[in-house]
Amino acid sequence: MAHDHTHGFGTKAIHAGQAPDPSTGAIMTPIYQTSTYVQQSPGKIIGEYDYSRAANPTRTAIEANLAALEGAKHGLCYSSGVAATGVVLHTLSAGDNVLLCDDVYGGTNRLFHRVFKQLGVETTLVDMTDLNKLEDAFKDNTRLVWVETPTNPTLKCIDIEGVAKIAHAKGARLAVDNTFATPYLQNPLALGADVVCHSTTKYIGGHSDAIGGALLTNDDELHRELKFIQLSEGAVPGIMECFLLLRSTKTLHIRMERHCANAKRVAGYLSEHGAVEKVIYPGLESHPQHEIAKKQMRDFGGMVTIYLKDGLDKARTMLERVHLFGLAESLGGVESLIEHPAIMTHASVPPEQREQLGISDGLVRLSVGIEDVEDLIEDLDQALA
Ligand SMILES: *Cc1c(COP(=O)(O)O)cnc(C)c1O
């Protein structure tokens, strides 16, 4: 079923990459908790496996499942989202330039600027909501464009198709971090991206219990490279994490439907609240890239960002008073979370860059979960009172 394009998303989520275990009929893919595999004679392996860093059947199942969901030919899983990001960066060499959208996950920003910089990979930050700025930013040595959309935490939406055309005309590859949207809402490969990156820790895992990352591509040559780096660097997920992900993707479509519906209600409620200066949600007509979001996303996701009128004081009280929303970093789980990007998730972004991006003291990010939305609104209401 791995490359089955005829079934709908929900059917693929439940079945792709998986078949009943041939020896027992077990409907769930077993947890092949093994590091190695016995051989018949030296070099003559029994099945497809010789060592679990290279490949493991539970991992093969989730890799094929995620590939099917993104409409990709190939899928690879890694030990975390940043490990997956690092693998894409390892396809570059010293002296290469990368164009990075200016409002990315804090850990992505840190990886580009603090780790790969030392290895000679140069990063240029660009506001990619303006394609003219993107075009002007290219240098002779630009090999890769890295896009996150919607961005984190200010939920800018970047025109993937537009960026892909420019990147390819300039001879660069396009990587898209699709963590916020998930394959249920947005498929960057179909819009021209060369590789999609996910932190499966977030919506794909969805239960706040496992760290992981994935890379999906249709490009055979790029896949070989990414797989070689997976084997050589060894940032592979544990087998239990692979099993947890297989269980999680089976409900991705229904979880996302509820995340989107709840977030829309919460965004609407907050828009009317007197303590709130501005609500950022791609589904609102007031969102500056609402049209782009409508064009490339099926719905608008579960993340809502707000600016509070009274800055840090109000933010602090609100974050201390919530009961149902957990005050925590991360996002995309079934439970609602709330956080303060300037102090928490984006503390590693330099203050000047934070200010320029609007990551101010009054900014609060909500990951709206799939609880009953009336209860979530009641919780926010008492926290903002
Ligand atoms: C969390 C996150 C990452 C990093 O993933 P980890 O699994 O925490 O390593 C990358 N990109 C985005 C958009 C994220 O939210």
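Counting only DSSP beta bridges with both residues in the range 253-384, what percent are antiparallel, rounded to the nearest 5?
Counting DSSP beta bridges with both partners in the range 253-384, the antiparallel share is about 85 percent.
Please work out how much length the chain gains when fully extended from Glu285 to Gln39, using 0.36 nm per residue of separation minus the C-alpha to C-alpha distance, in nm with one decimal.
82.5 nm
Give Lys202/Lys264; Lys73/Lys295; Lys117/Lys278 a once-over and call out the pairs whose C-alpha atoms are over 31 Å from each other.
Values: Lys202/Lys264 19 Å; Lys73/Lys295 24 Å; Lys117/Lys278 36 Å.
Result: Lys117/Lys278 exceed 31 Å.
Charges on Cβ only, +1 for Lys and Arg, -1 for Asp and Glu, centred on the Cα centroid of the chain; of Val368, Ile27, Asn152, which one is farthest towards the dipole's positive end?
The Cα lying farthest towards the positive end belongs to Ile27.
Among Ile27, Ile160, rank each residue by its count of other Cβ atoms within 10 Å, from fewest to most, as a rough exposure measure.
Ile27, Ile160
In a Gaussian network model over the chain where Cα atoms closer than 10 Å are linked, find which of Lys264, Lys278, Lys44 has the largest mean-square fluctuation.
Ranking Lys264, Lys278, Lys44 by mean-square fluctuation puts Lys44 first.
Normalised by the number of residues in the chain, what is the relative contact order in percent for Cα pairs under 8 Å and 6+ residues apart?
17 percent
What fraction of the DSSP beta bridges in the chain is antiparallel, stated in percent and rounded to the nearest 5?
Antiparallel: roughly 55 percent of the beta bridges in the chain.
Mean shadow of the range 253-384, computed from the convex hull of its alpha carbons, in nm²?
For the range 253-384, averaging the hull's shadow over all directions gives 7.8 nm².
What percent of all Cα-Cα pairs in the chain falls into each 10 Å bin, going from 0 up to the bin containing the maximum distance?
5, 24, 32, 24, 11, 3, 0, 0
Add -39500 (n - 2.57) for each DSSP H run of 4 or more in the chain, then divide by its residues: what number comes out at 222 nm, to the nearest 500 deg cm²/dmol?
Counting only the DSSP helices, I get -10500 deg cm²/dmol.
Just want to confirm a number: the relative contact order over the range 161-235, from Cα pairs under 8 angstrom separated by 6+ residues, in percent.
On the way: 86 pairs, mean separation 17.6, N = 75.
Relative CO of the range 161-235 lands at 23 percent.
Treating only the Cβ of Lys, Arg, Asp and Glu as charged (+1, +1, -1, -1), what charge dipole size does the range 253-384 show about its Cα centre? Round to the nearest 20 debye.
Using Cβ point charges on Lys, Arg, Asp and Glu, the range 253-384 gives about 460 debye.
With Cβ to Cβ distances under 12 Å as the rule, what net charge do the other residues near Met28 carry (K, R +1; D, E -1)?
Around Met28, the surrounding residues sum to +1.
Just how large is the dipole of the range 9-249 about the Cα centre, in debye to the nearest 20, putting +1 at every Lys and Arg Cβ and -1 at every Asp and Glu Cβ?
420 debye
Bear in mind these aren't lab numbers, they're just calculated from the coordinates by the rules spelled out. Because the structure is predicted, anything quoted here is derived from the model rather than measured. Positions of Cβ are backbone-derived with ideal geometry, glycine not excepted, and every protein chain shown enters the neighbour counts.
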